[in-house]
Amino acid sequence: MGDRNASITVESSLPGERLDVYLREKFPAVSRGTLQKLIDTGDILVNGNQTKSTYSPRAGDLVSIHFPEPKKLELAAEEIPLDVLYEDSDLLVINKPAGLVVHPGAGNYEHTLVNALLHHCAGQLSGIAGYARPGIVHRLDKDTSGCLVIAKNDTAHLGLSDQFRNRTVQKIYHAILCGELPRSAGEIQVSIARHPSHRRSMTAVENGKGREARTSYRVLERLHCATLVQVVLHTGRTHQIRVHFQHLGHSLVGDRVYGGKQNVRLKTQTNYAAGRQMLHSYSLTFKHPRTEKEIQCTAPWPEDFKEAVLSLRKA
């Protein structure tokens with residue numbers, strides 16, 4: 001397989017799924033819109049033939065993908081300090097601060113992680129995810145801090161994407177939850193789908209709807225009216241940790257989208273209010289896409305996370 005080409009054989013027929021949705025699962029770093037454009041331009045073929053995004057994949061189909069050379073980057077490189085945990089010629093892992101947007105979007109083309117990476121890497125970033133997302137293999141929410149891996153070239157990008165898709169990357173988070181979690185450890189297996197009325201939010205769904213999502217956790221410390229937990233993500237759905245713990249009735253401290261009422265109660269009980277959701281990507285473990293050496297990176301807690309634990313710690 002060349003650096004900018006990939007192929008997939010469909011294992012089982014998916015009569016209720018579209019080709020673009022199927023490929024979004026296989027290439028999580030590539031937006032659905034980009035995949036639709038590649039299908040329209042014939043850069044994605046099924047059994048050697050051009051098709052539509054609405055095509056339902058069938059068992060045995062050979063899907064070939066060609067990622068064209070990225071458009072010339074028009075984003076500005078910005079000298080934004082980065083906390084680098086690991087770096088070599090293929091990739092780097094950073095400790096992302098809370099408040100930093102990962103990649104540019106509509107109306108927001110400055111002061112993002114991508115702008116910082118363009119300066120730090122002098123433009124040496126993979127282009128598979130599109131011209132607005134160079135190097136971006138996976139994402140963290142704006143207000144989530146911690147470990148994030150970046151690809152410097154397309155070979156590294158495809159190798160890392162394969163690991164995320166095959167769920168061989170170990171992703172450990174630390175989170176502070178509202179209320180006292182009754183169990184010391186557990187697992188949440190509830191599917192997640194787009195919220196029917198709040199389209200920017202997600203929701204937990206049952207009865208076979210939505211996409212499979214699995215989260216396991218264990219309690220690290222019981223705080224005053226709150227709980228510090230370590231979380232392992234087995235899938236990578238949008239807002240998965242936030243939605244799953246909301247489903248349990250213990251939203252994240254500081255989460256205004258999924259835990260407003262619980263955070264109002266927490267402030268009444270403790271006089272503490274967080275400035276953002278208390279979620280931190282504590283560690284990432286994966287195989288180097290070129291050397292296959294295991295890379296493990298750990299990101300120390302940021303100051304506001306430490307402050308939250310100290311403020312909520314039992315006397």
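Read-outs throughout are calculated quantities, based only on the coordinates presented, and are distinct from any laboratory measurement. Worth saying up front: this structure is predicted, and the values here are computed from it rather than measured. Ideal geometry is used to build each Cβ from the backbone, glycine not excepted, and the neighbour counts take in all protein chains shown.
What the table below lists for this structure:
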item	result
Residues Glu110 and His198, FRET efficiency given R0 of 25 Å [Cβ-Cβ distance, rounded to 0.05]	0.35
Cα-based Rg and Dmax for region 93-226, where Dmax is the largest Cα-Cα distance (Å)	17.6, 49
In nm, spacing of pseudo-spin labels at Ala273 and Glu212 (7 Å Cα→C-beta vector)	4.2
Calculated [θ] (222 nm, deg cm²/dmol) that DSSP helices of n ≥ 4 give over the chain, each run adding -39,500 (n - 2.57)	-6000 deg cm²/dmol
Angle in degrees between helix 303-312 and the longest Cα principal axis of the chain, rounded to the nearest 10	40
For region 201-315, fraction of C-alpha pairs farther apart than 18 Å, in %	57
Surface/4 estimate of mean projected area, convex hull on alpha-carbon atoms of the chain, nm²	17.0
Per-selection Rg to Rh, region 5-66 - Cα, Kirkwood hydrodynamic radius	0.90
Ascending count of other beta-carbon atoms within 10 Å, so fewest first, for Thr285, Thr215	Thr285, Thr215
Per-selection Kirkwood Rh - region 69-160 (Cα, Å, 1 d.p.)	12.9
Unit Cα scatterers, Debye sum, region 112-164: log10 I(q)/I(0) for q = 0.17, 0.27 Å⁻¹	-0.49, -1.13
Estimated distance in nm for a label pair at Arg256 and Gln163, the labels positioned 7 Å out from Cα along Cα-to-Cβ	3.5
Neighbourhood net charge (13 Å Cβ-Cβ; Lys/Arg +1, Asp/Glu -1) for Val21	+4
Proxy reagent accessibility, fewest Cβ within 10 Å first, across Lys314, Lys37, Lys52, Lys96	Lys314, Lys52, Lys37, Lys96
Sites Thr54 and Asn5 - FRET efficiency at Förster radius 25 Å, r taken between beta-carbons, to 0.05	0.55
Extension reserve of the Lys293-Ala76 stretch, reckoned as 0.36 nm per residue once the Cα distance is removed	74.8 nm
Filtered trypsin sites (Lys or Arg not before Pro), region 146-238: DSSP coil and at most 13 other beta carbons within 10 Å	Arg167, Arg183, Arg199, Arg200, Lys209
The chain: relative contact order in percent, alpha carbon pairs under 8 Å with at least 6 residues between	15
